[in-house]
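Notes follow once the structure below has been shown.
The values are calculated or read from the model by the stated rules, or taken from the named source; none is laboratory data. Everything numeric in this text was worked out from a predicted model, so none of it was measured. Ligands, DNA and RNA are stripped out before the accessible areas are found, and what is left, the full protein with its side chains, is counted by its heavy atoms. Shrake-Rupley method; radii C 1.70, N 1.55, O 1.52, S 1.80 Å.
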Amino acid sequence: MYAEAIFLFISGTEIVFILFIVLLVFGADKVPEIAKGLGKGMRQLKDATNDIKSEITKSAEKQGLDIDITKDVREEIDKVKEDVDEITGPIKRRF
């Protein structure tokens, strides 16, 4: 999520410039190896994150805690939408 925010502030020209500098510093032979290493590292990070999430979920289930917060949040959002529709319904019809 943080990486997405960074890319919002970097233009295409800046990305090309950064890639050009990387190519100059490391050379054309090393860039694929670096990319492969970064890919493996990101995969390991994702796997570790998923393992942590599963452990937290298992622990919460053992303790009898409600782990389905999204269901509750979705229900509350639907209630708010219905309330807004009830309030704005007559206003929309007038215009």
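Descriptive notes on the structure:
- Cα radius of gyration and Dmax for the stretch 31-81 (Å): 18.0, 52
- Karplus (6.51, -1.76, 1.60) ³J(HN,Hα), θ = phi - 60°, over the stretch 26-41, in Hz, Gly and Pro reported as x: 9, x, 5, 6, 8, 4, x, 5, 5, 4, 5, x, 5, x, 5, x
- Taking a straight line from the alpha carbon of Lys62, these lysines sit under 29 Å away, with near neighbours fewer than eight places off in the same chain left out: Lys46, Lys53, Lys71.
- Share of carbon and sulfur in the accessible area of the stretch 47-88 stands at 55%, probe radius 1.4 Å.
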